[in-house]
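Asks: Here it is: the structure, laid out below.
The values are calculated or read from the model by the stated rules, or taken from the named source; none is laboratory data. It should be emphasised that the depicted structure is a prediction, and the values quoted were computed from it without experimental measurement. When we count neighbours, we look across all protein chains shown, and the Cβ atoms used for this are built from the backbone with ideal geometry, even at glycine. For the accessible areas, the whole protein counts, side chains as well, though only heavy atoms, and no ligand, DNA or RNA atoms are used. Shrake-Rupley method; radii C 1.70, N 1.55, O 1.52, S 1.80 Å.
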Protein chains: 2
Amino acid sequence: MADSTRYVLQENQIPTSWYNVVADLPTPPPPPLNPGTKMPIGPEDLAPLFPMAIIQQEVSAQRHIDIPGEVLDIYKLWRPTPLYRAHRLEAALDLPKNVRIFYKYEGTSPAGSHKPNTAVPQAYYAKQEGVTRLATETGAGQWGSALSFAGALFGIDVKVYMVKISFSQKPYRRALMETWGAQCVASPSNETNAGRAILAADPDSNGSLGIAISEAVEDAATREDTKYALGSVLNHVLLHQTVIGQEAIAQMAMADAYPDVVIGCTGGGSNFAGISFPFVPEKLNGKNIRIIAVEPAACPSLTKGVYAYDFGDTAGMTPLMKMHTLGSAFMPASIHAGGLRYHGMAPLVSLMHDQGIIEAQAVKQRDAFAAAIQFARTEGILPAPEPTHAIKVAIDEALKAKEAGEEKTILFNLCGHGNFDLVAYDRYISGQMEDYEHPQSEIAMALAGLPSVAE
Amino acid sequence: MADSTRYVLQENQIPTSWYNVVADLPTPPPPPLNPGTKMPIGPEDLAPLFPMAIIQQEVSAQRHIDIPGEVLDIYKLWRPTPLYRAHRLEAALDLPKNVRIFYKYEGTSPAGSHKPNTAVPQAYYAKQEGVTRLATETGAGQWGSALSFAGALFGIDVKVYMVKISFSQKPYRRALMETWGAQCVASPSNETNAGRAILAADPDSNGSLGIAISEAVEDAATREDTKYALGSVLNHVLLHQTVIGQEAIAQMAMADAYPDVVIGCTGGGSNFAGISFPFVPEKLNGKNIRIIAVEPAACPSLTKGVYAYDFGDTAGMTPLMKMHTLGSAFMPASIHAGGLRYHGMAPLVSLMHDQGIIEAQAVKQRDAFAAAIQFARTEGILPAPEPTHAIKVAIDEALKAKEAGEEKTILFNLCGHGNFDLVAYDRYISGQMEDYEHPQSEIAMALAGLPSVAE
């Protein structure tokens with residue numbers, strides 16, 4: 001078993017609880033604040049938007065939170081996901097025997113990414129509390145697809161506000177959501193006040209994630225039967241993703257291995273948290289593990305942003321969260337890794353960066369795709385644009401270890417497949433893909449608009 | 001284990017040999033004939049096109065043929081594939097406990113279907129014999145993608161002639177092949193005599209599978225460094241797919257189950273053979289197993305064709321094979337299940353139908369998609385258009401057993417995912433999908449052109 005290609009667990013080895021890193025952090029996370037009073041918000045402030053069980057998880061400091069049986073039953077449709085030893089990539093890089101690369105693969109879920117890990121429990125808790133309809137936003141479509149899938153299994157109606165430019169450019173994503181029975185509209189829509197206001201000002205608006213969030217939040221806040229669901233950033237979302245890292249630990253043990261470096265790409269932070277948080281207790285116990293968050297150079301919230309209170313959305317409707325941010329007015333360039341185009345970073349990931357538990361690197365999109373092509377031609381799997389960033393750093397770390405003559409075991413999260421992203425590969429192969437880096441002045445301007453909070 | 005959702009094997013449980021059904025059939029398969037002399041062809045006739053190891057497998061009557069270690073190493077990237085118990089579909093159909101549905105899922109391969117099961121050994125044997133380049137044709141793109149993937153892993157150049165209409169309509173399929181390093185051109189191309197002749201007669205030709213085969217065969221026959229690879233129909237292709245059924249038998253045993261009915265969709269016949277042939281020895285030993293081939297009503301070679309010698313391609317360049325055929329001049333309607341649009345049927349499948357070992361049913365495309373939508377909303381996975389036909393019959397068989405109060409265990413092959421086929425789902429959901437059935441007169445006209453062979 002120690003030298004397998006794919007380390008496979010049985011369904012009775014799916015973790016039965018989620019791991020809550022808050023229990024082990026040196027200091028508790030700073031609370032979200034009411035944007036008006038600047039006072040910490042309480043569960044009651046979130047009640048119009050989220051099921052109470054979700055709100056309890058959002059503020060919980062309990063180390064392990066049981067996964068409900070009905071959620072486990074659905075996880076069994078694709079979990080445990082495989083852990084791979086990248087034998088063929090290692091050979092292509094001509095690595096010595098003591099430099100090894102492993103990857104966890106989340107692309108085997110029906111929606112093709114890690115997102116169903118949280119979509120399913122979010123739909124489950126909503127159902128438990130009598131909610132019959134969920135509203136959400138989606139950019140490129142990964143999250144909207146995952147929630148549509150989860151809604152289908154629980155018989156919950158799902159309404160997805162999809163950023164109009166993506167809605168037009170990616171009709172197959174909409175078709176996927178509709179196949180699972182969801183309703184998907186282009187945002188801005190004329191179904192909400194927020195959408196109508198935007199359309200009145202600019203009938204040709206292409207939309208943005210910020211606008212779509214405003215529409216979904218308004219939808220949920222104004223309908224008795226409806227709650228809101230978010231696919232990243234918040235504590236409970238990161239919590240649900242920890243099944244990834246917990247399985248990876250068991251699978252690394254099958255390979256008689258333990259990682260020296262754990263790598264995940266970061267947009268809102270959820271897949272990175274999923275693979276890495278379960279390794280944090282060992283690290284805090286003194287084990288020498290580096291945990292690297294990889295973000296796009298075009299949206300460098302951890303490497304070029306500040307750690308401050310900011311809004312979660314562009315329109316300034318959400319509570320203030322203390323996080324690494326480029327400013328909620330920052331508009332990231334149109335890179336293909338749509339899932340990493342977020343001005344902020346999960347508060348928990350931001351806090352752990354501030355505490356030195358994790359480190360961060362930024363990668364340019366063309367370098368990421370070059371790594372993805374090498375990966376696809378050796379390991380076979382076509383990566384989604386987001387995890388190409390993690391692949392690039394995994395390869396870099398392996399080559400550095402080879403040059404230094406160091407023993408090194410590297411683990412990264414391949415959080416989804418790229419079957420819906422072939423336009424991006426086509427652009428890269430045909431030499432049309434561009435790199436973006438925002439000038440520091442642009443970031444400074446967005447940061448100048450941060451809300452003032454006395455700390 | 002008996003009541004799991006997903007039955008998972010370890011990599012040391014991948015079958016180590018392919019199963020050759022020829023060894024167990026009551027009569028040997030009729031030989032392919034030279035279209036000029038009408039005499040049986042020998043291995044030397046195929047040598048310009050295929051590696052010798054492949055030719056030997058094509059004519060072999062040996063029951064078990066060892067899978068080379070290098071092929072097994074690559075199979076480990078996605079094999080063994082999971083077997084599912086369709087708990088959620090069963091619940092939606094309100095089935096009694098003694099009516100059970102299982103499905104084998106081949107969509108977890110990097111190319112998303114069962115096609116790599118044969119693409120990998122075909123590339124392996126070519127490499128072994130010093131071949132540095134493979135030529136093939138592809139319609140919708142599944143086979144071209146699989147061979148591109150296999151070529152990448154063995155460092156073999158792959159040239160794919162893709163039917164022009166698909167080349168234009170599905171640029172993402174081309175991008176997928178190019179990501180794996182293959183070269184993909186629209187057919188008819190100006191790179192072959194066959195292509196140039198077509199273009200001279202009709203510069204706007206949309207191409208056809210027949211034309212693309214002619215181009216790929218000419219390419220391989222006229223270049224020293226190049227062999228031809230085919231993705232279905234031939235004996236060796238069906239042989240390679242038997243890993244599917246062999247694994248399924250082991251996985252059904254984990255579930256304490258054995259199928260009463262085994263179902264696969266059929267175009268050329270390879271995924272059907274893969275799931276069903278390993279069950280044939282038990283059936284021939286008297287076990288009561290029904291084996292059902294499901295074909296599209298728009299291309300009903302088994303249910304409305306004749307069992308006769310015919311050409312494998314439209315242009316009449318191949319040897320004559322005895323098979324169920326609608327006539328090589330038959331042009332099937334443009335259904336979304338592009339992989340099932342073939343005028344003939346694998347000679348082995350045809351022979352077994354003639355011998356009463358298997359039975360056949362035809363399904364209309366809208367009925368197939370209705371079943372697929374129900375499947376996606378219960379089991380999660382989005383099926384490719386081809387296996388929607390198998391799903392439809394699996395559901396029908398389950399409901400019939402329920403009505404009759406019979407105990408029944410049903411197994412079908414879900415041979416690929418539909419991530420690249422969302423246009424078809426979109427058409428179905430929006431009510432724009434059409435059903436096609438060719439009038440009997442049209443089939444009769446194509447059959448009138450069958451070559452005359454004295455038997």
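Asks: Please find, within segment A:151-183, the residue that is farthest from residue A:226 (Cα to Cα) out of those that are in contact with a Leu (Cβ under 9 Å, 6 or more places away or on another chain) and away from chain B (no Cβ under 11 Å).
Replies: A:163
Asks: When you scan segment B:81-117, how many residues do you find that are β-branched (Val, Ile, Thr) and in contact with a Leu (Cβ under 8 Å, 6 or more places away or on another chain)?
Replies: Looking only at that region, the number is 1.
Asks: A further question on this structure: Just checking, does segment B:42-55 include any residue being charged (D, E, K, R), farther than 17 Å from residue B:236 by Cβ and open to solvent by 50 Å² or more (accessible area, probe 1.4 Å)?
Replies: At the first step, the residues of segment B:42-55 found to be charged (D, E, K, R) are B:44-45.
Filter once more, so that each one left must be farther than 17 Å from residue B:236 by Cβ: none.
Checked segment B:42-55: no residue is charged (D, E, K, R), farther than 17 Å from residue B:236 by Cβ and open to solvent by 50 Å² or more (accessible area, probe 1.4 Å).
Asks: Go through segment B:17-41 and give me each residue that's of a type in the set (Val, Ile, Thr) and surrounded by 14 or more Cβ atoms within 10 Å (Cβ to Cβ).
Replies: B:21, B:22, B:41
Asks: Among the residues of segment A:74-97, write down those that are among the charged types (D, E, K, R), over 18 Å from residue B:110 (Cα atoms) and either modelled with pLDDT under 95 or more than 23 Å from the chain's Cα centre (by Cα) (or both).
Replies: A:90, A:94, A:97
Asks: While we're looking at this one, here's another question. When segment B:275-296 is examined, which residues are found to be in contact with a strand residue (DSSP E or B) (Cβ under 7 Å, 6 or more places away or on another chain) and open to solvent by less than 10 Å² (accessible area, probe 1.4 Å)?
Replies: B:275, B:276, B:277, B:279, B:289, B:291, B:292, B:293, B:294, B:295, B:296
Asks: So, one more: Would you tally the residues in segment B:179-192 being free of Cβ contacts under 8 Å to residues at least 40 places away in the same chain and open to solvent by less than 40 Å² (accessible area, probe 1.4 Å)? Don't jump to the end; show me each part of the working.
Replies: Just the residues of segment B:179-192 that are free of Cβ contacts under 8 Å to residues at least 40 places away in the same chain, to begin with: B:179-183, B:185-186, B:188-192.
Checking which are open to solvent by less than 40 Å² (accessible area, probe 1.4 Å) leaves us with B:179-180, B:182, B:185-186, B:188-189, B:192.
Qualifying residue count for the region: 8.
Asks: Another question, then. Can residue A:245 be described as in contact with a helix residue (DSSP H, G or I) (Cβ under 7 Å, 6 or more places away or on another chain) and either on the phi < 0 side of the Ramachandran plot or open to solvent by 20 Å² or more (accessible area, probe 1.4 Å) (or both)?
Replies: Spelling it out, residue A:245 is indeed in contact with a helix residue (DSSP H, G or I) (Cβ under 7 Å, 6 or more places away or on another chain) and either on the phi < 0 side of the Ramachandran plot or open to solvent by 20 Å² or more (accessible area, probe 1.4 Å) (or both).
Asks: Only one of (1) under 27 Å from residue B:5 (Cα atoms); (2) in contact with a Pro (Cβ under 7 Å, 6 or more places away or on another chain) is not met by residue A:35, so which one is it?
Replies: Unmet condition: (1).
Asks: Separate question: Determine whether residue B:208 is hydroxyl-bearing (Ser, Thr, Tyr) and more than 21 Å from the chain's Cα centre (by Cα).
Replies: Against the criterion (hydroxyl-bearing (Ser, Thr, Tyr) and more than 21 Å from the chain's Cα centre (by Cα)), residue B:208 does not qualify.
Asks: Is there a residue in segment B:367-374 that is within 21 Å of the chain's Cα centre (by Cα), modelled with pLDDT of 95 or more and open to solvent by 10 Å² or more (accessible area, probe 1.4 Å)?
Replies: yes
Asks: Could you please find all residues in segment A:86-106 being open to solvent by 10 Å² or more (accessible area, probe 1.4 Å), within 13 Å of chain B (Cβ to nearest Cβ) and either within 21 Å of residue A:419 (Cα to Cα) or of a type in the set (D, E, K, R) (or both)?
Replies: Within segment A:86-106, A:88, A:105 meet the criteria.
Asks: What is the number of the single condition among (1) open to solvent by 10 Å² or more (accessible area, probe 1.4 Å); (2) of a type outside the set (A, V, I, L, M); (3) touching a residue at least 12 places away in the same chain (Cβ under 8 Å); (4) more than 14 Å from every other protein chain (Cβ to nearest Cβ) that residue B:224 does not meet?
Replies: The number of the failed condition is (3).
Asks: Every residue in segment A:253-270 that is assigned to a helix (DSSP H, G or I) and under 17 Å from residue A:10 (Cβ atoms), please.
Replies: Of all residues in segment A:253-270, those assigned to a helix (DSSP H, G or I) come to A:253-254, A:270.
Within segment A:253-270, A:253, A:254 meet the criteria.
Asks: Can you name every residue in segment B:53-73 that is within 14 Å of chain A (Cβ to nearest Cβ) and under 20 Å from the mean Cα position of the chain (by Cα)?
Replies: B:71, the sole residue that qualifies.
Asks: (1) within 14 Å of chain A (Cβ to nearest Cβ); (2) modelled with pLDDT under 95: which one isn't true of residue B:115, the others all being true?
Replies: Status for residue B:115: all satisfied but (2).
Asks: Out of the residues in segment B:402-455 that are more than 14 Å from chain A (Cβ to nearest Cβ) and part of a strand (DSSP E or B), which is most open to solvent (accessible area, probe 1.4 Å)?
Replies: Per the criteria, the residue is B:408.
Table: residues versus (1) under 30 Å from residue B:36 (Cβ atoms); (2) surrounded by fewer than 19 Cβ atoms within 10 Å (Cβ to Cβ).
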residue: B:316; (1), (2): yes, yes
residue: B:323; (1), (2): yes, no
residue: B:352; (1), (2): yes, no
residue: B:360; (1), (2): no, no
residue: B:365; (1), (2): no, no
residue: B:382; (1), (2): no, no
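Asks: Inspect all residues belonging to segment A:386-396 and state whether any of them is surrounded by fewer than 19 Cβ atoms within 10 Å (Cβ to Cβ) and of a type in the set (Asp, Glu).
Replies: Yes: one or more hits.
Asks: Would you mention how many residues in segment B:272-299 are modelled with pLDDT of 95 or more and not in a strand (DSSP E or B)?
Replies: 19
Asks: Then there's this: Restricting attention to segment B:119-128, does a residue exist that is farther than 24 Å from residue B:384 by Cα, crowded, with 24+ Cβ neighbours inside 10 Å and within 13 Å of chain A (Cβ to nearest Cβ)?
Replies: Checked against the condition, which is being farther than 24 Å from residue B:384 by Cα, crowded, with 24+ Cβ neighbours inside 10 Å and within 13 Å of chain A (Cβ to nearest Cβ), segment B:119-128 yields at least one hit.
Asks: Also, quick follow-up: Of all residues in segment A:385-401, which are more than 14 Å from every other protein chain (Cβ to nearest Cβ) and of a type outside the set (D, E, K, R)?
Replies: Selection gives A:387, A:389, A:390, A:393, A:394, A:395, A:398, A:399, A:401.
Asks: Looking at A:81, A:138, which one is within 14 Å of another protein chain (Cβ to nearest Cβ), among the polar types (S, T, N, Q) and buried (at least 21 other Cβ atoms within 10 Å of the Cβ)?
Replies: Numbers: A:138 fails: within 14 Å of another protein chain (Cβ to nearest Cβ).
The conditions single out A:81.
Asks: Continuing with this model, one more query. I need the full set of residues from segment A:418-455 which are touching a strand residue (DSSP E or B) at 6+ places or on another chain (Cβ under 7 Å), within 21 Å of residue A:295 (Cα to Cα) and of a type outside the set (A, V, I, L, M, F, W, C), in order please.
Replies: Correct list: A:418 only.
Asks: Turning to a different aspect of this structure: For segment A:358-376, name all the residues that are assigned to a helix (DSSP H, G or I) and touching a residue at least 12 places away in the same chain (Cβ under 8 Å).
Replies: Correct list: A:365, A:366, A:367, A:368, A:369, A:370, A:371, A:372, A:373, A:374, A:375.
Asks: While we're on this one: For residue A:377, only one of the following conditions fails: (1) more than 14 Å from chain B (Cβ to nearest Cβ); (2) open to solvent by 30 Å² or more (accessible area, probe 1.4 Å). What is its number?
Replies: Checking residue A:377 against (1) more than 14 Å from chain B (Cβ to nearest Cβ); (2) open to solvent by 30 Å² or more (accessible area, probe 1.4 Å), the one that fails is (1).
Asks: Please specify each residue of segment B:218-235 satisfying the condition of being of a type in the set (Asp, Glu) and part of a loop (DSSP other than H, G, I, E, B).
Replies: Across segment B:218-235, the qualifying residues are B:224, B:225.
Asks: Taking segment A:196-208, which residues are touching a residue at least 24 places away in the same chain (Cβ under 8 Å) and touching a Ser or Thr at 6+ places or on another chain (Cβ under 7 Å)?
Replies: The first filter runs over segment A:196-208 and keeps only residues touching a residue at least 24 places away in the same chain (Cβ under 8 Å), leaving A:205-208.
Correct list: A:207, A:208.
Asks: Scan segment B:402-455 for residues that are β-branched (Val, Ile, Thr), closer than 30 Å to residue B:306 by Cα and at pLDDT 90 or above and jot them down.
Replies: Within segment B:402-455, B:410, B:443 qualify.
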